[in-house]
1. If we count every other residue with Cβ under 14 angstrom of ASN117's Cβ, Lys/Arg +1 and Asp/Glu -1, where does the sum land?
2. Using amide H atoms built 1.01 Å from N in the peptide plane, name the residues 5+ places from ILE167, or on other chains, whose amide H lies under 5 Å from its own.
3. All other residues with a Cβ under 15 Å from the Cβ of TRP191 taken together, and with Lys, Arg as +1 and Asp, Glu as -1, what is their net charge?
4. Fewest Cβ neighbours within 10 Å first, please rank MET316, MET150 accordingly.
5. Filter the GluC sites (Glu not before Pro) in the stretch 42-109 to those in DSSP coil with at most 12 other Cβ atoms within 10 Å of their Cβ, and list the result.
6. Once the principal axes of the Cα atoms of the chain are found, what is the range along each, listed largest first in whole angstroms?
7. Percent relative contact order of the stretch 1-123, based on C-alpha pairs within less than 8 angstrom and at least six residues apart?
8. Exactly which trypsin sites (Lys or Arg not before Pro) in the stretch 1-109 are in a DSSP loop and have at most 10 other Cβ atoms within 10 Å?
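Please treat every number below as a calculation from the coordinates, not as lab data. Note that this is a predicted model, so its numbers are computed, not measured. Neighbour counts are summed over all protein chains in view; Cβ atoms, including those assigned to glycine, are modelled from backbone coordinates with ideal geometry.
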Amino acid sequence: MSHSLRVIFAGTPEFAAAALAAIHEAGFPVPLVLTQPDRPAGRGMKLQASPVKRYAQEHGIAVAQPTSLRRAGKYPQEAAEAIDLLRATPHDVMVVAAYGLILPQEVLDIPTDGCINIHASILPRWRGAAPIHRAIEAGDAETGITLMQMDAGLDTGPMISEVRTPITPTDTTATLHDRLANLGAQLVVDWLTQLERTGQLPLTPQPTDGVTYAEKIGKQEAALDFRRPALALARQIRAFDPFPGGAATLDGAQLKLWAAEPAAGVTLPEGAAPGQILEVSPTGVVVACGEGALRLTQLQKPGGKRLPAREFLAGMPLSAGQRFALPDESAA
């Protein structure tokens, strides 16, 4: 099936690449893709193209990679050239997904039918950079995708449509990301089809109640504080998979903790200190917390791989009584 609605696409990571692929495969003309500049990555820190750029190049779609779209920013010449290119590229609508650059009003005003953003939360909850991570970390029962007409604010534009999905007790940011990417890709194709057919989209202002912000994830957040409840730590570990992972220091070695669950039926012994290992078995390493105990089921030693507890313990035996340092102790 082919369509006449012309779509400029702006996005960078895998989440965005799923949407670009769906739009392209549905038959919408994509005359131009915007994505962030190549970044150094991997052990050799060689420049690597974004997933969106790779998809575009594999399918013969023109790509632009401006460092900024703001004329008043640090790269006014690049911004001016990119804006000129947008004006010179015939299109009807722009779809934006996890692009990573701010779109000023001047850019938002270029497409006849505006700019549609695919956002990975139920707005207005979790506006901002890391909605998937923060929803898991906070213990939300569900999340989803909101399609929104962009304005100059941070995820503040009127909503077009949403789709919801439960957050399961085993969901990580990686699994939820993939599910939301697929939902977002399908939703945007459905509404682009609707826009082409009717020439308009339903726009509903976001509620003023329930606004929260999903701050960008920092590496320093990886440190686990075992004074917190076991349930909160389990959510933190799931939220930080694949980045930055959970981290804890044991006898001077910093371990990465990739999977854990509250240890059901474990009663904390009298005097057990937060971070103290209570039990070691092939099913996991049970650690005392401020409330309850946490069973670590996937761990990684320095220079090693993520391993199930059984395999990890074969290479790095642990024993009851050892204690993980608390963040202020390991920093001291």
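1. -3
2. The answer is GLU142, THR143.
3. -4
4. Starting with the residue having the fewest Cβ neighbours, the order is MET316, MET150.
5. Here no loop site has a sparse enough neighbourhood.
6. 70, 43, 39
7. Relative contact order comes out at 28 percent.
8. The qualifying sites are ARG43, LYS74.
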